[in-house]
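Every number here is computed from the coordinates shown, using simple stated rules; none is lab data. These figures come from a predicted structure and were not determined experimentally. Here the Cβ positions follow ideal geometry from the backbone for every residue, glycine too, while neighbour counts run over all protein chains shown.
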Amino acid sequence: MKRPWPKRLWFWGGALVFALMAYRGGTWSLTGLRGWRLRAFLADPDGHPHWIRPAHAQCPGAPFRWPSTGYPGFLRGDSWGLFHWHTGVDIFSGQAVGKTPVYAAYEGRLYRLAHWRATVAIRHRDPLHPERFIWTYYTHMADPQGRSRIVEAFPPGTRGVYVAAGTLLGYQGNYSGRPGRPVGVHLHFSIVKDAGGLPANESFPWNTLDPSPYLGMPLTAWQVAPWRTPECWE
Ligand SMILES: [Zn+2]
């Protein structure tokens with residue numbers, strides 16, 4: 001009797017297991033390998049100048065500017081667990097808290113909710129889909145105890161203040177949201193859907209957008225090999 005299916009089953013079963021292993025996190029996953037490269041950068045930032053993208057850099061034809069000088073160590077879709085996907089891009093300066101400026105990627109109206117110590121968000125008319133609004137979201141701008149490194153022009157409770165592209169917002173920090181539990185100094189930058197005039201909950205991947213077309217470069221985990229630095233498409 002001819003039974004052609006087991007071979008295929010093995011192939012697709014194996015492919016599925018491999019894909020899950022590669023994706024779910026851990027040392028040998030895409031994210032794990034990117035983590036090794038990030039550690040190499042952080043151990044010697046000055047020794048890796050070509051990994052650093054300067055603030056305000058703009059790829060040809062892309063609407064958004066790079067928001068802060070540093071190495072994009074983790075990308076959107078990097079994963080630290082099967083259901084723990086990264087919603088944005090992490091930009092590591094390799095410098096101490098409060099040293100590296102963070103700038104608006106595009107013009108819009110800035111909001112800072114009353115309880116936001118380390119975060120601002122800017123509402124934009126979407127330059128790629130002008131019928132809708134989107135948000136750029138900037139966080140970790142505080143010290144380990146949550147003392148803000150956002151500029152004084154944008155106190156908690158700021159609502160709808162116009163900012164031009166390139167406006168100084170604050171400085172890279174390492175506040176995790178839990179005092180005394182710092183992360184590495186970086187900017188977490190993401191693009192978030194609009195939810196009735198406020199940003200949708202940024203911690204859910206499905207509320208965020210792929211930043212790649214807005215910055216003109218590959219910025220999702222599966223677009224960039226873990227031994228490469230993202231570069232402009234054009
Ligand atoms: Zn992040």
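Just a few scattered comments:
- Separation between Cα centres of the range 30-87 and the range 115-191, rounded to whole Å: 17 Å
- Positive-end residue, the range 5-223 charge dipole about Cα centroid, Cβ charges, pick of M217, Q58, L30: L30
- Computed over the range 181-234, the alpha-carbon pair-distance distribution with 5 angstrom bins reads 4, 16, 20, 21, 21, 13, 6, 1, each value a whole percent.
- Longest site-free stretch - the chain; sites: chymotrypsin sites (Phe, Trp or Tyr not before Pro), DSSP loop, at most 14 other Cβ within 10 Å: 84-226
- Between K99 and R147, the distance separating the two model label sites (each 7 Å from Cα on the Cα→Cβ line) works out to 1.8 nm.
- Rounded to two decimals, the Cα radius of gyration of the chain over 2.2 N^0.38 Å is 1.09.
- Of the GluC sites (Glu not before Pro) in the range 78-168, the ones in a loop by DSSP (not H, G, I, E or B) with at most 12 other beta carbons within 10 Å are E131, E152.
- The trypsin sites (Lys or Arg not before Pro) found in the range 92-143 that occupy coil by DSSP, while having at most 16 further C-beta atoms within 10 Å, are K99, R132.
- The 3J(HN,Hα) values that the Karplus relation (6.51, -1.76, 1.60; θ = phi - 60°) gives for the range 66-83 are, in residue order, 5, x, 6, 5, x, 9, x, x, 10, 10, 5, x, 4, 9, 10, x, 4, 10 Hz. Gly and Pro appear as x.
- From the Kirkwood radius over Cα pairs of the range 121-180, Stokes-Einstein at 20 °C and 1.002 mPa s returns a whole-number translational diffusion coefficient of 165 µm²/s.
- From phi via Karplus (6.51, -1.76, 1.60), per-residue ³J(HN,Hα) for the range 172-186 in Hz, x at Gly/Pro: 4, x, 9, 6, 8, x, 10, x, x, 10, x, 9, x, 5, 6
- Value at 222 nm in deg cm²/dmol, rounded to 500, when DSSP H runs of n ≥ 4 in the chain each add -39,500 (n - 2.57): -5000 deg cm²/dmol
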